[in-house]
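Input: a single structure, listed below in structure tokens.
Here, each number is a calculation from the coordinates, and none is a lab measurement. Keep in mind that what you see is a predicted model, and the values were worked out from it rather than measured. Don't worry about glycine lacking a Cβ; one is built from the backbone with ideal geometry, like all the others, and counts go over all protein chains shown.
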Amino acid sequence: MEHVGRRHYPEHIRTEVEVPDIALTDVLQETVAKFPDNPALSFYGNEISYQELAMQVAAFASSLQQNEVNKGDRVAIMLPNCPHYVISYYGTLTAGAVVTQVNPMLVGRELEHILSDSGAETIVIYEPLVPILEKIKDQTAIKNVIAVQFTGEYEPVSDEIVFSAFLQLAPGAPAPVAIDPSEDLAVLQYTGGTTGRSKGAMLTHRNVVANVVQTHEYFQDEVEPGKERYLTVIPLFHVFGMTSCMNFSIYSGAKSIMLPRFELEEVLETIKNEQPTFFPGVPTMYVALTNHPHAEEYGLGSINVCNSGSAPMPQELMRSFEAKTGARVLEGFGLSESSPVTHCNPPFSERKPGSVGIGVPSTEYKIVDVATGVEELPPGESGEVILRGPQIMKGYWKMPEETEQTLRDGWLYTGDIARIDDDGYLYIVDRKKDLIIAGGYNIYPRDVEEILYEHEAVQEAVVVGVPDAYRGETVQAFVVLKDQHTATSEELIAYCRDNMAAYKVPREVEFRDELPKTNVGKILRRTIREEASKKA
């Protein structure tokens, strides 16, 4: 079953790719050789060419080595999207060190865990976040603090060094470092910690290079080397942004148009002025764009491909966005543990709304029973999706038991409930942990959310299970209404009752002005569930 999706590939796109035996830094150097004068990064109108980027990467690597950062040492990067991120990321790898990606929204306790767990001694941090670091720094191994500020003068509060000054510490080329792509780590990608303590997925140079090569092979008909423009607003610290924006744009010699956060008017103005051709995003971004009253006036037609990931894309939202903008949305799937891309709706074949598509080259997948994880299930039956391919992580950092549980016989057990149709298209039903069991019935929140999104007044919706003395759990929906629209709880419940089985219908609907989200824009179901459970 794991190979059936490959029948959709045209002859010129390979179903298997040969992963080059190179480090990720070699990808940058190859692009610099091809397109030295092309713009690599654009940040509020300021552009950096590939040649300039390579020079700053080398300077950063030299300065790290001057500060006794050696091969295998971990360097934490805690920045919003900005050129400094790309320079720090590739500079760290050039020095032979390992990038530890850190969400800038973490509070002190969460930051302390990642820094302590990774053993990082160096951190590149956005200057306004330095006070958070200072409170927990003594509980970590951090010695080198490199502060990034975007504007104005900055006076260090303790012993940190400003990024621009750090680049000047060690003039000259960095000392070369031998890298074994299959063994040496490139990135520690910490999971969100939604099932407990955040885990560091160990991604080797080969894992990350493989995923870029796989993605490029899959999208080769959509990518003109040296000509594309990527709207990079999903965070680079997130594995989706790391691969689909930063590494993929560098591999293809594209220009990355960087924004530090998703602010609707700023994004629309950037699209109007920069005319991006690729827009990797998440559903909440497309919700905002779709519901802007004048979105059509900003030239969204320049965008050829919108890659949607990180969370399920409601079908009604996809239809509305495409009708309004003329862009194509290709929904995909992946995990931190898979660098992350494993599936996407093909640009070269049938796209199936509601599906995350077929496997990218050299990716195998199948559905197994949830109870044992051994029995392969036939098309149409739901179970846990497991994956195999060159992009799959080496394991979890310092967590052998969790690694053994997740990686079995070469397969990555994802924890996602899914089904495969006869054509090999994958449909994510839900996360195992999000399953609601009410009165003995299994209810997947996404089924209910899809119906809610079809109601004309609903802008965003999330469904959770809350404790119930009689049914075990009961279904509760949390909804944000569109501007200029109204609806009552009774109306939405009645709408659900008309469109789904009675046992799935929410017993209660709570209206919110907004829903809690991650930096990426993914709705935080766990936060909602915890709030609802406390009230139950």
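Please say if segment 240-343 is rounded, prolate or oblate, where rounded means a/c under 1.5 for a ≥ b ≥ c the square roots of the C-alpha gyration tensor eigenvalues, and otherwise the choice is prolate for a/b larger than b/c and oblate otherwise? It is oblate, given that a/c is not under 1.5 and a/b is not larger than b/c.
Distant-in-sequence amide contacts of V162, defined by a placed amide H-H separation under 5 Å and a gap of 5 or more residues or a different chain, comprise A147. Full extension of the chain between E531 and E404 gives 42.4 nm of extra length, using 0.36 nm per residue less the Cα-Cα distance. Going by Cα centres, segment 30-73 and segment 495-519 are how many Å apart? When both Cα centres are located, 47 Å separates them. Take A175, project a point 7 Å from its Cα along the Cβ direction, then tell me which residues of segment 52-71 have their backbone nitrogen under 18 Å from it. Label zone hits: 58-71. Net length available on complete extension from E490 to H3 is 170.7 nm, with 0.36 nm assigned per residue and the Cα-Cα distance removed. Taking a ≥ b ≥ c as the square roots of the Cα gyration tensor eigenvalues, with a/c under 1.5 meaning rounded and otherwise prolate when a/b beats b/c, else oblate, which class fits segment 435-535? Taking the square roots of the gyration eigenvalues as a ≥ b ≥ c, segment 435-535 is oblate. The fraction of Cα-Cα pairs per 5 angstrom bin, counted from 0 for segment 205-431, comes to 1, 7, 15, 18, 19, 16, 11, 7, 4, 1, 0 percent, rounded to whole percents. Counting DSSP beta bridges in the chain, what percent are antiparallel, to the nearest 5? Around 55 percent of the beta bridges assigned by DSSP in the chain are antiparallel ones.
Packing order of peptides 406-412, 273-279, highest average first: 273-279, 406-412 (average count of other Cβ atoms within 10 Å over each peptide's residues). Using only the C-alpha atoms, the convex hull of segment 31-178 corresponds to 109 Å³ per residue.
Full extension of the chain between T15 and E224 yields a length gain of 73.2 nm, computed as 0.36 nm times the residue separation minus the alpha carbon distance.
A helix-only calculation puts the chain at -8000 deg cm²/dmol for mean residue ellipticity at 222 nm, using -39500 (n - 2.57) for each DSSP H run of at least four residues, averaged over all residues. Here the Debye sum runs over all C-alpha atoms of the chain as equal scatterers in vacuum, and log10 of I(q)/I(0) at q = 0.06, 0.09, 0.10, 0.12 Å⁻¹ comes out as -0.28, -0.66, -0.82, -1.20.
Summarising the strand pairing of segment 205-431, around 70 percent of its internal DSSP beta bridges are antiparallel. Candidate cross-link partners of K433 among the lysines, defined by an alpha-carbon separation under 21 Å and a same-chain spacing of 8 or more, comprise K199, K366, K504, K517, K522, K534, K535. For segment 90-160, the square roots of the Cα gyration tensor eigenvalues, ordered a ≥ b ≥ c, give a/c of at least 1.5 with a/b no greater than b/c, which places it in the oblate category. The dipole here belongs to segment 295-347: it is taken about the Cα centre, uses +1 on the Cβ of Lys and Arg and -1 on the Cβ of Asp and Glu, and is about 80 debye. Report the calculated FRET efficiency for D483 and D422 (r = Cβ-Cβ distance, R0 = 41 Å), to the nearest 0.05. Once rounded, the FRET efficiency stands at 0.45.
Annotation for segment 349-403 versus segment 422-465: alpha-carbon center distance of 19 Å.
Taking amide H as placed 1.01 Å from N in the peptide plane, A40 has its amide H under 5 Å from the amide H of I48, S49, Y50, each at least 5 places away in sequence or on another chain.
For GluC sites (Glu not before Pro), the sites in segment 357-408 that DSSP calls loop and that have at most 16 other Cβ atoms within 10 Å are E375, E381.
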